[in-house]
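A.B. asks: This structure is in structure tokens; I'll ask about it shortly.
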Amino acid sequence: MTRALGDAQPPDSSVSLDYFTGLYLAKEDPWDLATKWHDQRKYAITVASLPKRHYRRCYEPGASVGLLTRLLAERCDEILAVDCVPEAVRTAEENLRDLPHVRVEEAMLPAELPDGTFDLILVGDLFYYLSAEDFDELVDGLLARLESGGDLVSVHFRDRENPGNYDGFNVHEKLAGKPGITRIVHHEDEWFVLDVFRANDER
């Protein structure tokens, strides 16, 4: 099915913290990210798609239990990984405690964005849970914290069984329309879509 911008709409309100908390209370890894091959493959392709060999400071919102964070740690001097669910943060802290350059914190987005700037921001499977208003607020806040020449990586699930649903296609097309960034990497397959956007030097 051919997709077009606007063929599916974001939720009227962002998915609640209670919803995600319930998932993590029921299961430590609600989406079985550690064991599903297509997620392992997605993470490997994500890391391989990073255009630069090395990054100084990375921000990863929606880090869940820290599986991708661990792979990113090999390429970054410093990582701030955050999630809104306390149970996810505790699991990520345990999973990453051997990496002193990785910090894991609890944060509710878009309200609690970090101080400082980053040369790498990576957002995975987060944007389509947000209302249009919260999406714009979060993306604008992320771009304000992305250094000139820095990379914003976005990777999101494609709903191959229900291609009219609001999914990675929709959020990535909205993201591509934001000023001040240029898409330099694009990958799309039956499971997910990945884009790397570079902050323009003239911002």
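The values are calculated or read from the model by the stated rules, or taken from the named source; none is laboratory data. Quick caveat, the model's predicted, so the values are computed rather than measured. No Cβ is skipped: glycine too gets one built from the backbone with ideal geometry, and neighbour counts run over all protein chains shown.
A.B. asks: Which condition breaks for residue 69 when tested against (1) surrounded by fewer than 14 Cβ atoms within 10 Å (Cβ to Cβ); (2) modelled with pLDDT of 95 or more; (3) out of contact with any His (no Cβ under 9 Å at 6 or more places or on another chain)?
C.D. replies: Result: residue 69 fails condition (1) only.
A.B. asks: Across segment 147-200, what is the total count of residues that are in a strand (DSSP E or B), aliphatic (A, V, I, L, M) and either surrounded by fewer than 18 Cβ atoms within 10 Å (Cβ to Cβ) or over 14 Å from the mean Cα position of the chain (by Cα) (or both)?
C.D. replies: 4
A.B. asks: Moving on to the next point. Going by the conditions given, is residue 46 modelled with pLDDT of 90 or more and either under 15 Å from the mean Cα position of the chain (by Cα) or not charged (D, E, K, R) (or both)?
C.D. replies: yes
A.B. asks: Now for a separate question. Among the strands (runs of 3 or more DSSP E) contained in segment 1-118, which hold 1 or more residues that are over 25 Å from residue 175 (Cα atoms)?
C.D. replies: 76-83, 102-106
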